[in-house]
Amino acid sequence: MFVVDDYIALVSSNLAEKDDLLLAYLRKVRELEMSPDVKNLLFTLYIEPSRFELIFVLFAYDNHANEVMGLSEGGNFVSSVSSQEIPYLSLSNSEFKEYEEFYEEHEWEIDTKRQEVFFSWFLANWKVGGQAQHPMPMYLQIHDEGRTLDLKQEKWISSEEIWKG
């Protein structure tokens, strides 16, 4: 039987085992060359709930919310750089049906607490990876969510606040 707090603890411990995957991605990001047109960097987290995977994609923007080809990866300018899929949970086939019922009953609470775990995990690795010294404004958001984490200030902002500068 699943319990929300136990499930969240399991997700958190599974992610802790994947620190090396996120740190490798953040090292890759740190080594990117930036075009002078880039004014903001935005990590967008895509959650694949049916496979229990996360994918981070870094997008480069100017100050007017226009995506720019401003990241140089291997000599090629690109507008985004993706992480590999990072699994946050593993269930056996026999556990999956029970999980689906549990999720349907507690969806809002699970999603809310799980998002906090994702943000906390990213921020902890962000600090370990030395990204806080990056000179450019950097943000983290979950795809299709309204709030954004300002990684430099370590505070929540609305997505619109990114473009006010």
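The values are calculated or read from the model by the stated rules, or taken from the named source; none is laboratory data. Since the structure is predicted, the reported quantities are computational estimates derived from the model, not experimental observations. Neighbour counts are summed over all protein chains in view; Cβ atoms, including those assigned to glycine, are modelled from backbone coordinates with ideal geometry. The area values use the complete protein model at the heavy-atom level, side chains included, leaving out ligands, DNA and RNA. Shrake-Rupley method; radii C 1.70, N 1.55, O 1.52, S 1.80 Å.
If the condition is being farther than 20 Å from residue 141 by Cα and of a type outside the set (Ser, Thr, Tyr), then segment 90-117 contributes 91, 93, 95, 96, 97, 98, 100, 101, 102, 104, 105, 106. Of all residues in segment 116-165, exactly one satisfies the criterion of being among the small types (Gly, Ala, Ser), out of contact with any Lys or Arg (no Cβ under 8 Å at 6 or more places or on another chain) and surrounded by 14 or more Cβ atoms within 10 Å (Cβ to Cβ), namely 124. Condition check for residue 121 on (1) under 20 Å from residue 42 (Cβ atoms); (2) at pLDDT below 90; (3) assigned to a helix (DSSP H, G or I): one failure, at (2). The residues in segment 136-162 that are of a type in the set (Gly, Ala, Ser), touching a helix residue (DSSP H, G or I) at 6+ places or on another chain (Cβ under 8 Å) and in a strand (DSSP E or B) can be counted, and the count is 0.
Per the listing 113, 28, 39, the residue uniquely in contact with an Asp or Glu (Cβ under 7 Å, 6 or more places away or on another chain), closer than 29 Å to residue 158 by Cβ, open to solvent by 40 Å² or more (accessible area, probe 1.4 Å) and basic (Lys, Arg) is 39.
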